[in-house]
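In what follows, a structure is listed as structure tokens, so that the remarks can point back to it.
The values are calculated or read from the model by the stated rules, or taken from the named source; none is laboratory data. Note that the structure is predicted; figures quoted are calculated from it, not measured. Using ideal geometry, Cβ is built from the backbone for each residue, glycine included, and neighbour counts are taken over all protein chains shown. These accessible areas exclude ligands, DNA and RNA; they are computed on the full protein's heavy atoms, side chains included. Shrake-Rupley method; radii C 1.70, N 1.55, O 1.52, S 1.80 Å.
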Amino acid sequence: MPVVRSTAALVPAERHAYWHDVVSNTFIPLDVALHEREPAEGVIASRRVGFLQIAEVGAGPQTVTRRRRDIARDGEEWLTLTVQQRGRALLEQDGRNVVVGPGEFALSDSGRVFRKVLPEDFSFLAFHLPRARLPLPERELRELVATVFPAEHGVAALVFGYLTRLARQADELADDTARPLADVAVDLLAVLAREHAGRSGSEVPESPHAVLALAQEYILGHLHDPRLSPESIAAAQRVSVRYLHKVFEREGTTVGRWILRQRLERCRRDLTREPAARTVAAVARRWGFVSPSHFSRAFRTAYGMAPREWRATRADA
């Protein structure tokens with residue numbers, strides 16, 4: 001469950017000091033200046049996914065500044081990636097000044113001075129991680145910070161999609177699941193950095209578990225499509241079909257078996273929950289099965305009985 005901190009219960013005169021402490025304690029020591037005479041409500045909902053801290057932040061106009069004295073108070077350097085949801089953010093670091101709008105994201109580095117101006121009501125998702133977790137040379141990291149990444153194309157779209165979905169599902173993740181998912185987030189940032197540096201615009205991500213997680217996410221979103229295939233999955237991830245198969249083999253399965261298992265599980269769930277007015281064939285079609293006989297054989301192999309028998313036993317339970 002998230003840890004929620006809000007200024008809603010405070011009178012406006014008390015909100016500034018409290019908000020300053022909440023922001024600094026949630027992230028890193030920062031100077032916070034609110035721009036309203038009577039500050040609007042501010043809310044931070046924070047949770048952990050492995051070593052990754054995810055926070056949803058919403059408040060009124062303000063400026064946050066990371067000064068040299070703030071840096072001196074920290075024993076560890078941190079990176080913060082923010083996905084802008086509402087309002088604009090003006091980020092200044094390393095001599096660059098960029099405007100981040102809704103649907104875009106940018107990275108800041110706590111090891112150097114920066115300033116972020118939020119001139120209107122805003123909300124954003126923040127992903128906060130130790131600098132040491134991202135294995136980038138200093139030169140590449142400096143090129144990455146204070147750069148706007150629109151979440152529409154290429155690796156940036158993959159980063160945006162993965163992180164926002166991770167934030168939505170964070171409360172459902174067990175610790176042993178959360179840690180490798182945080183690793184995937186870092187792997188994707190490293191790929192983004194290499195692409196941005198111009199070294200690997202078409203290079204395959206080296207991390208097998210990053211490719212696996214993204215491929216599985218794509219599969220789960222397209223189970224209903226009977227045309228789903230290793231070729232379409234590989235094309236969506238911009239990897240070769242051979243590499244895709246190799247990644248799944250590392251997990252002791254194949255692309256086809258993993259798709260079949262996910263489809264069968266969703267059919268089993270629907271046959272348990274839905275009224276008998278929906279036919280078994282209709283349930284199978286919903287999840288991408290074309291042949292009713294193939295579905296019945298696969299279901300019996302997986303669960304030890306035919307789909308109709310399964311439905312009947314659940315109805316009697």
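Note on THR301: accessible area is roughly 120 Å² with a 1.4 Å probe, heavy atoms of protein only. Shape verdict for the chain, please, from the Cα gyration tensor: rounded (a/c under 1.5), prolate (a/b greater than b/c) or oblate. Prolate.
Can you tell me the length gained on complete extension of the stretch THR279 to ARG37, counting 0.36 nm per residue apart and subtracting the Cα distance? Intermediate values should be presented prior to the final figure.
On the way: separation 242, 0.36 × 242 = 87.12 nm, distance 6.22 nm.
Stretched fully, the THR279-ARG37 segment lengthens by 80.9 nm.
Principal axis extents of the Cα atoms in region 221-317, from largest to smallest and rounded to whole angstrom, are 47, 23, 21.
For the Cα atoms of the chain, what angle does the longest principal axis make with the long axis of helix 208-221, in degrees from 0 to 90, nearest 10? Approximately 70 degrees, to the nearest 10. The heavy atoms of ASP171 offer some 80 square angstrom of accessible surface to a 1.4 angstrom probe.
Only sites in a loop by DSSP and with at most 12 other Cβ atoms within 10 Å count here; which GluC sites (Glu not before Pro) in region 142-190 make the cut?
On the way: sites: GLU143, GLU152, GLU172; in loops: GLU152.
Passing sites in region 142-190 are GLU152.
The local environment of THR65, defined by Cβ-Cβ distances under 13 Å, has a net charge of +4 under the rule Lys, Arg +1 and Asp, Glu -1. In whole angstrom, region 157-198 maps to an equivalent ellipsoid with semi-axes of 23, 11, 4, each derived as √(5λ) from the alpha carbon gyration tensor and ordered largest first.
Distance between the pseudo-spin-label points of GLU120 and THR254 (7 Å out from Cα toward the beta carbon): 5.4 nm.
Compute the long axis of helix 292-303 from its Cα atoms, compare it with the longest principal axis of the Cα atoms of the chain, and write down the angle in degrees, 0 to 90, nearest 10. Helix 292-303 and the main axis of the chain meet at about 70 degrees.
Over region 150-270, the fraction of Cα-Cα pairs per 5 Å bin, rounded to whole percents and listed from the shortest bin up, is 2, 10, 20, 22, 22, 15, 6, 2, 0, 0.
Ordered by 1.4 Å accessible area with all protein chains kept, VAL4, VAL186 run largest first as VAL4, VAL186. With a 10 Å cut-off between alpha carbons and a GNM built on the chain, which of ALA13, ALA89, ALA55 moves the most? Fluctuation is largest for ALA13. The alpha-carbon atoms of region 1-155, seen along their principal axes, cover 46, 35, 34 angstrom, with the largest extent given first. When a 1.4 Å probe is rolled over the protein heavy atoms, the share of accessible surface on region 1-123 that falls to carbon and sulfur comes to 49 percent. In degrees from 0 to 90, rounded to the nearest 10, what is the angle of the helix 241-250 Cα long axis to the longest principal axis of the chain? For 241-250 against the chain, the angle is about 90 degrees.
Which shape class applies to region 103-162: rounded if a/c is under 1.5, otherwise prolate when a/b exceeds b/c and oblate if not, where a ≥ b ≥ c are the square roots of the Cα gyration tensor eigenvalues? Note, shape of region 103-162 comes out oblate.
How many percent of Cα pairs in region 1-75 exceed 18 Å?
Details: 1153 of 2775 pairs.
In whole percent, the long-distance tail amounts to 42.
List the chymotrypsin sites (Phe, Trp or Tyr not before Pro) within region 17-115 that fall in a DSSP loop (any state other than H, G, I, E or B) and whose Cβ has at most 16 other Cβ atoms within 10 Å. Each step should come with its number before you reach the end.
Numbers: sites: TYR18, TRP19, PHE27, PHE51, TRP78, PHE105, PHE114; in loops: PHE27, PHE51.
When the chymotrypsin sites (Phe, Trp or Tyr not before Pro) of region 17-115 are filtered for loop state and at most 16 Cβ neighbours within 10 Å, PHE51 remain.
Remark: spin-label model distance THR272-THR177 equals 1.5 nm, labels positioned 7 Å along the Cα→Cβ axis.
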